[in-house]
């Protein structure tokens, strides 16, 4: 019951039929589905997953509220609380109820199905000038959807999240019909990303491809492919090829990043307050890292970055289990047998169909996180629902894998606080160096 409700919630929050189908319009179905999911989850047998994110998420929300209060806007703190509570509920319920690989498959299918509908809507919108939802093209060329995906960048971001999941479903399909369905889905999603003309989404696809290929064929071969394929980028039209610090839009972004650093210097601990970047600069940051650093200061930025790092680490660790090559493939690639020997010594040699599937699901979510992190560097999507869906799935798949392999150590938040603070400091220095270099190139 709870799982079905959360699937319906995901469908409605992503596909948003309540915003264009008369039968659902004016009815708070999304809120009711979330409240219903939360209520039945409390009464159900599902256990709350005590993950590091369960601590970090509330701390992040409290810091967002406190940032507003420090800057004298108590009403903003209340607004942030009401905005973030539904996302926290979604995180708790989704991470708890997806407790086996079959349910994870179902979540993948719902997400991919919704995104394919968005892509088809975008194709129709591109041809007709307006989609069946009533959404119009942005800047006369860029496809959009409705609601929270009315911005082409948000639409591209959710498509990036779904892309590795669609590829996983294609690779794991058991018959030709489903393989055709999922390979068609992959093609539609890629075309949809292209039609958004979102440079951040384009770079995310390239990052996903680079990570995937480096896993399959090695870093050097991937780099060679990148060098050979890079001239093909000129075939892309319009703004998709304008990733250049001297181009007007890019120059504005770099200047916004610089202003973000200046806000951090002026408000180092707690920032200027969530959603207040545009009150201090004409443009938004167009970068989630600079945005959070400016709006939440060092303390809030550390919590936000830690949430991303721990979630990515979790899913990466889960993806490593049973992703060793077979002896036959090893002979062809020349991978050292000692890798398998070390795996056996650690007690992770047992390969079952379930563990193999979970490992592949973990890798799909890991690639989706790579896509989000790549896009986050060019888009101001710091508190997007896509991020919290991905974080919930990271927690789910990690603990599913732990049930099958007890040798995987839990990720500890409290024992490594110093490391996370260190990562934050290093990343802030990196952000400062990057903006200084880009300003010199302008």
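The values are calculated or read from the model by the stated rules, or taken from the named source; none is laboratory data. In this text, all values refer to a predicted model and were calculated from it rather than measured experimentally. Methodologically, a virtual Cβ is constructed for each residue, glycine included, from the backbone with ideal geometry; neighbour enumeration extends over all protein chains shown.
Rundown of residues vs (1) in contact with a helix residue (DSSP H, G or I) (Cβ under 8 Å, 6 or more places away or on another chain); (2) buried (at least 24 other Cβ atoms within 10 Å of the Cβ); (3) part of a helix (DSSP H, G or I), yes/no style:
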{"residue": "99", "(1), (2), (3)": "yes, no, no"}
{"residue": "116", "(1), (2), (3)": "yes, no, yes"}
{"residue": "145", "(1), (2), (3)": "yes, yes, no"}
{"residue": "156", "(1), (2), (3)": "yes, yes, yes"}
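Can you tell me which of 38, 66, 3, 8 is part of a helix (DSSP H, G or I), in contact (Cβ under 8 Å) with a residue 60 or more places away in the chain and in contact with a helix residue (DSSP H, G or I) (Cβ under 6 Å, 6 or more places away or on another chain)? Break it down stepwise before answering.
Values: 38 fails: in contact (Cβ under 8 Å) with a residue 60 or more places away in the chain; 66 fails: in contact with a helix residue (DSSP H, G or I) (Cβ under 6 Å, 6 or more places away or on another chain); 8 fails: in contact (Cβ under 8 Å) with a residue 60 or more places away in the chain.
So the residue among 38, 66, 3, 8 that is part of a helix (DSSP H, G or I), in contact (Cβ under 8 Å) with a residue 60 or more places away in the chain and in contact with a helix residue (DSSP H, G or I) (Cβ under 6 Å, 6 or more places away or on another chain) is 3.
Looking at this structure, is residue 393 in the same structural domain as residue 255 (by TED's automatic domain parsing) and modelled with pLDDT of 95 or more?
For residue 393, the condition - in the same structural domain as residue 255 (by TED's automatic domain parsing) and modelled with pLDDT of 95 or more - is met.
For the stretch 404-442, what are the residues that are buried (at least 16 other Cβ atoms within 10 Å of the Cβ), more than 24 Å from the chain's Cα centre (by Cα) and not in a helix (DSSP H, G or I)?
Answer for the stretch 404-442, where residues must be buried (at least 16 other Cβ atoms within 10 Å of the Cβ), more than 24 Å from the chain's Cα centre (by Cα) and not in a helix (DSSP H, G or I): just 405.
Quick check on this structure: which one of 80, 56, 111, 49 is touching a helix residue (DSSP H, G or I) at 6+ places or on another chain (Cβ under 6 Å), crowded, with 18+ Cβ neighbours inside 10 Å and outside any helix (DSSP H, G or I)?
On the way: 80 fails: outside any helix (DSSP H, G or I); 56 fails: outside any helix (DSSP H, G or I); 111 fails: outside any helix (DSSP H, G or I).
On inspection, the qualifying residue turns out to be 49.
Identify, by number, the condition in (1) exposed (fewer than 15 other Cβ atoms within 10 Å of the Cβ); (2) closer than 28 Å to residue 414 by Cα; (3) in contact with a helix residue (DSSP H, G or I) (Cβ under 7 Å, 6 or more places away or on another chain) that residue 27 doesn't meet.
So residue 27 meets the others, but not (2).
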